[in-house]
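Q: Please see the structure below; I have some questions.
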Amino acid sequence: MENNEDKSLDQRVLRLEKTVADLKLMIEQLLAGQRQQQPQYSTQVPPPPAFTAKPAQSATPPVASAAPDTTPKRRSPALSFELPDHMKKVEFWLNKVGIGLLLFAVAFLFKYSIDKGWLTPWVRVAFGLGLGVILVALGFRTYEKRRHFSLVFMGGGIATFYITAFAAFQRLAIVSHTTAFAFMTLVTLFALLISLRQNDSILSLIGAVGGFGTPFMLYTGSGNIPALVLYSSILAAATSAIYFYRGWRSLMWLTVISGWSILLIALINGVYDVSSVALADQRAIQAGVLFAVVVFWIVPLLRQVMRGTTPAALSMPEGKLPTLKQVFGAVSDGQTHWLTISTPLIALGMSRLTWPEPSDVYWGWVTMVGAAVYWIVAYYLSRTERLKDISYIHTLVGGLLFTIALCLLFDGDTLFFAVATEAAVLHLIHHRTGNLGASVGGHVLFAILAMLLIQRIAEPLRDAAPLVNARALADIWTVALAVGLSYVFKPVILKRIYFIAGAFCLAGWFLRELTGSLPFVIITVEAFIFHIEAKRVEDETLRMGAHVFAVLLGLWLIGRLAGNHPDTTAVFSAYALSNLLAVVMAGVVAWLSKKRVTRVSYGLAAHALFMGWLLSELVTLHEGQGYVTIAWGVYGAILLILGLRRATPGLQTVALVTLLVVVGKLFLVDLAHLQAIFRIFLFMGFGAAFLALSYYFRALWKSDKDKGGNSSRTPT
């Protein structure tokens, strides 16, 4: 025996040495992200000398080989796709199939005996009851040794009881409704008690399904809505108490779905499918809704608070779409969150359907009270660190209810004003207290307001005074809040998003409210302020927003220059001066910019737009093409002189190109459109001007040496 053990030990050592060598080779070839798991395997394997020096340790099972298989499962069981161990056994599936076939056989036997007339109705019922008792007895008998097998027997026996009671009342008609209902209720109670005793949720689920289905299995065509609501409420209280004690989330989900479904059926049958609505039915449904709020919201919340557990986070794996199993896992793990969100919304909707008479104002105040209750609960939950997550959810739901209340209480511009104020208040609450739920709610509301604001700005005013109408005040209030919050936020990205969105919406607001050249002037000044703010904070996101704003304004200016001149006065009209202001602003931005690309881009844009402005204004005069040529020529000469005096090669190049454009215009345009005497003076004047410039070129030009080696203002 000792020789066999030594031989086995040597073989283990050889295998371990080979494994270590293979792992070292794999580590060298894997990427950095794939190296995290492999060292765990290698570090758990002792080196061969130490292993051979202590042969007594080899008697224990090899831990290193088992660790790689179990450790990943402990890290992320929710993402594992493997079945539980007991579900991998053949007997687990065989007994499920067997009990299902047995139940089908019972149902077929009942039908067959009825068709053949072999057994009297009471014998058939007794047979069903006897089979149920036998199955339950077998479940108790096998519980200690074969638990899963035992639960199958018990579940089958409980299902047999339900089938027998249903057949006795609906098919055989040998028992009264009261008797069948009482029997099914006892079966439900039995199933719930057994589930507690056996500590298994399967039996409670079977009992809950049978219990909630009892009124429908025994339905006779006419029902008592108060009795139905009372029965379902008692059953919901029992199952929710079991959930509170055991924490079986599947049982709670079944209770929630069944409870709301029964109330909805009662609402349809008692309020909408009858000619006259009974007040008792309405009161019963409303009482059921209020009780559902207690059971579906307060009970799960109290379980989290009193049992010292923390709700699971509502999260999904990043980087890829979640699988169906992960979605169901997130919903199940975040049960308290989902119930906190859904319960008040469903309760409000069903209450409004139950009582259609009260006005929206009434329901608005009711919803306002609900929002206050949620915020009070959120405040007390936030005082406990482990309940911060669910406190955020309550804050969000309170904000949602408050928004719904505003929608019910107000309409139109007043509602828009109120919701904008609410969103700003939520952000200020987050800034003051750090409540994440308030911040998320504020962002959601502002996103909705932004979409609505774009739609409102696109709609023209009709029969309303500009700037002081209700819509204008509500819209400018929203814009002001967005811009103001950009100076409150701490994250830079939020500051920029709100500032940029506010700036663009403000431009649209001015464009809608004002007419003539005034909105163009105001938007031009706004664009300039946008650039000044971007320069002050030195932020790339804000700078890009300013560039986009400038591009849109430039396109608008090009359209104005290319369009018809609305005024007869050239150069000095309001239309002309507003266009010139935009050109000057572009030049100032170029002059203030520290970046070469921005300076060159805005400088060239200002140059081209100024020439376009001269063309747009002077061409309207008599013999206007000649005045345009003169203005362009003088402008080009001034640029050339400035470029020479300042020794700026870029400005010199722009000036020379401008003068070449003037020469080209003389031959291509002026020869065809101007009178002969005008052409003579133009050609003669420009010829003399070019000669003078060429003569004084050297005298005007300053070299780098003359300027002390400072040839240009171009920054590095």
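Q: Provide Lys24, Lys665, Lys595, Lys535 ordered by accessible surface of protein heavy atoms (probe 1.4 Å), highest first.
A: Greatest to least solvent exposure: Lys24, Lys595, Lys535, Lys665.
Q: Just read off the accessible area of Leu25 with the full protein assembly in place, 1.4 Å probe, to the nearest 10 Å².
A: Rounded to the nearest 10, that gives 100 Å².
Q: Using the Cα centre of the range 524-638 as the reference point, and only Cβ charges (+1 on K/R, -1 on D/E), how large is the resulting charge dipole? Debye, rounded to the nearest 20.
A: Value, rounded to 20: 420 debye.
Q: Scale the Cα Rg of the range 209-309 by the rule-of-thumb value 2.2 N^0.38 Å and send over the ratio, two decimals.
A: 1.15
Q: Further question on the same structure: I'd like the Karplus ³J(HN,Hα) series for the range 496-508: coefficients 6.51, -1.76, 1.60, θ = phi - 60°, whole numbers in Hz, and an x wherever there's a Gly or Pro.
A: 5, 4, 5, 5, 5, 4, x, 5, 5, 5, 5, 4, x
Q: Another question about this same structure. Run through all the Cα pairs of the range 504-661 and give the fraction in each 5 Å bin from 0, expressed as whole percent.
A: Pair shares across the bins are 1, 9, 16, 20, 18, 16, 12, 6, 2, 0.
Q: On to the next question. Once you have the Cα-Cα distance between Val133 and Asp360, take 0.36 nm times their residue separation minus that, and quote the gain in nm to one decimal.
A: So the chain would gain 76.1 nm between Val133 and Asp360.
Q: May I pose another question? If the chain between Asn469 and Asp10 were fully stretched, how many nm would it gain, using 0.36 nm times the residue separation less the Cα-Cα distance?
A: 155.9 nm
Q: A further question follows. Pull out the extension gain between Ala227 and Val277, defined as 0.36 nm times the separation in residues minus the alpha carbon to alpha carbon distance; nm, one decimal.
A: 16.4 nm
Q: For each pair in Lys535/Lys665; Lys594/Lys665; Lys495/Lys595, compute the distance between the two Cα atoms and list the pairs where it is over 31 Å.
A: Lys535/Lys665; Lys594/Lys665
Q: Defining a contact as two alpha carbons under 8 Å apart and six or more residues distant in sequence, what relative contact order in percent does the range 423-518 show?
A: After rounding, I find 27 percent.
Q: Report ³J(HN,Hα) in whole Hz for each residue of the range 361-371, in order, from the Karplus equation J = 6.51 cos²θ - 1.76 cosθ + 1.60 where θ = phi - 60°; Gly and Pro get x.
A: Residue by residue, the range 361-371 yields 5, 4, 5, x, 5, 4, 5, 4, 5, x, 4 Hz.
Q: Can you work out the Karplus-derived ³J(HN,Hα) for every residue in the range 476-482? Use 6.51 cos²θ - 1.76 cosθ + 1.60 with θ = phi - 60°, whole Hz, and x for glycine or proline.
A: So the Karplus estimates, Gly and Pro as x, are 5, 5, 5, 5, 5, 5, 5 Hz.
The values are calculated or read from the model by the stated rules, or taken from the named source; none is laboratory data. These numbers come from a predicted model, not from an experiment. Note that each Cβ is placed from the backbone with ideal geometry, even for glycine, and that neighbours are counted across all protein chains shown. Ligands, DNA and RNA are excluded from the accessible area calculation, which covers all protein heavy atoms including side chains. Shrake-Rupley method; radii C 1.70, N 1.55, O 1.52, S 1.80 Å.
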